[in-house]
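Peer 1: For reference, the structure I am asking about is given below.
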């Protein structure tokens, strides 16, 4: 049976958000295209509570509903049913997101094709033709690959093109509804007053060029550039790297799990010649975005704050190891502002949480390569 037609302007649209910070930032181009295509519709985002403040305000949205980690699909669906949505756009591929919309009796349910949930949707959006699919690699596969005298790059697969980036998956869903398929750079609505307030609260003077360091990554240690490398970069910066525009200062970012790591870096800095500000564990999500916007550059792992920084206009320098910049890099794919560094290790990307061998993909990217990228910013 064919799905019901989409009205020219559905009265109420529900968008089910993704669950991770970086992924959420990558959905912003799709949200903006959805708003552009349905300017008169009331668009409501269903978001995990931990991400709610990311969306307040956002020009694509009218309302934000939240759910707690212990809210079950039935609980969420009952709340949604009362609001009588005409259309549900499901950004995550999870079966749960499809079940919520199905149980809420939303008549039109649009989402990407995914095992175990296609029957819950009225519109199953297939992947783009020719999409390069990559997956986690087993440790035995990595060991076999590294024994080969001439291991192929990208596991013998074609190098993913721009259309393989995650933000194009979300755009494909809105394009299915008739929206403009042209990509936009991910962006967050951050009023200048919020940036000014963060500068005031955390002592980030506008006369100083602030360089951020973000040494954490929630996904796992395989995404984390070695802490000793972050430490060496911090030492070099606090001793004034030749060629880096002065005056400048150093800001260290991180969540509660990164307090020890950041403290270790700061303890290693003896008599720093530049100001050092420790924001680990001190910022809300909105304050994190504002403080990142106050930085000219952020040296970071592939993690949520990387995407936030790029979305608020900060240049990011990222050593990539277990993950792929072609699939989840910051900003618009191919944006030359950002420095996305790779070592060329044949086992990268493996998409594993922990490295089963010697961590060569990130250890081969030395501190001098990152510092060299900071010097280059003076010429841009």
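Nothing in this text is a laboratory measurement; each read-out follows from the coordinates by a stated rule. Everything numeric here is computed off the predicted structure, so don't read it as measured data. Note that each Cβ is placed from the backbone with ideal geometry, even for glycine, and that neighbours are counted across all protein chains shown.
Peer 1: Sorted from fewest to most neighbouring beta carbons within 10 Å, what does the list 258, 335, 297 look like? Before the final figure, lay out the partial values.
Peer 2: On the way: 258 20, 335 14, 297 23.
Fewest to most other Cβ atoms nearby, the residues stand as 335, 258, 297.
Peer 1: Using the alpha-carbon atoms, what tilt in degrees (0 to 90, nearest 10) does helix 367-376 show relative to the longest principal axis of the chain?
Peer 2: Rounded to the nearest ten degrees, it is 80.
Peer 1: Compute the FRET efficiency between residue 228 and residue 9 as 1/(1 + (r/R0)^6), taking r as their Cβ-Cβ distance and R0 = 51 Å, and round to the nearest 0.05. List each step's numbers first, then the result.
Peer 2: Values: r = 56 Å, r/R0 = 1.11.
Plugging the Cβ-Cβ distance into 1/(1 + (r/R0)^6) gives 0.35.
Peer 1: Another question, if that's okay. Please state the relative contact order of the chain as a whole percent: Cα pairs under 8 Å, 6+ residues apart?
Peer 2: Values: 709 pairs, mean separation 64.9, N = 380.
Value for the chain: 17 percent.
Peer 1: Once you have a ≥ b ≥ c as the square roots of the Cα gyration tensor eigenvalues for the range 67-110, tell me rounded if a/c is under 1.5, and otherwise prolate or oblate according to whether a/b is larger than b/c. Intermediate values should be presented prior to the final figure.
Peer 2: Details: a/c = 2.06, a/b = 1.16, b/c = 1.77.
Verdict is oblate for the range 67-110.
Peer 1: Using 0.36 nm times the number of residues separating residue 81 and residue 235, minus their current alpha carbon distance, what extension gain do you get?
Peer 2: Numbers: separation 154, 0.36 × 154 = 55.44 nm, distance 5.58 nm.
Once the chain is fully extended between residue 81 and residue 235, it gains 49.9 nm.
Peer 1: Also, I was wondering about something else. If I fit a long axis through the Cα atoms of helix 28-37 and take the longest principal axis of the Cα atoms of the chain, what angle between them do I get, 0 to 90°, rounded to 10?
Peer 2: Between helix and principal axis, roughly 40 degrees.
Peer 1: Let me ask another. When a/c reaches 1.5 or more, the comparison of a/b and b/c decides; with that in mind, is the range 12-176 rounded, prolate or oblate per its Cα gyration tensor? Before the final figure, lay out the partial values.
Peer 2: Working: a/c = 2.13, a/b = 1.91, b/c = 1.12.
Cα axes put the range 12-176 in the prolate bin.
Peer 1: Please report the spacing between the Cα centers of the range 307-380 and the range 136-196 in Å, no decimals.
Peer 2: Cα centroid to Cα centroid, the span is 13 Å.
Peer 1: Now a separate question. Please label the shape of the range 254-366 as rounded, prolate or oblate, based on the square roots a ≥ b ≥ c of the eigenvalues of the alpha-carbon gyration tensor (a/c under 1.5 means rounded; beyond that, a/b larger than b/c means prolate, else oblate).
Peer 2: Details: a/c = 1.80, a/b = 1.28, b/c = 1.41.
Oblate is the answer for the range 254-366, as a/c is 1.5 or above yet b/c matches or exceeds a/b.
Peer 1: So, in nm, how far is label residue 118 from label residue 141 when the simple model puts each one 7 Å beyond its Cα toward the Cβ?
Peer 2: Once both label points are built, they end up 2.2 nm from each other.
Peer 1: Take 133, 50, 223 and order them by how many other Cβ atoms sit within 10 Å, fewest up front.
Peer 2: The order, fewest Cβ neighbours first, is 133, 50, 223.
Peer 1: Taking the beta-carbon count within 10 Å as an exposure proxy, list 65, 31 from fewest neighbours to most.
Peer 2: Working: 65 17, 31 26.
Exposure proxy ranking, most exposed first: 65, 31.
Peer 1: On a C-alpha basis, how far is the centre of the range 18-55 from the centre of the range 202-236 in Å? Whole number, if you could?
Peer 2: Using only Cα atoms to place each centre, the spacing works out to 28 Å.
Peer 1: Any chance you could give the angle, 0 to 90 degrees and rounded to 10, that helix 192-202 forms with the longest Cα principal axis of the chain?
Peer 2: 40 degrees
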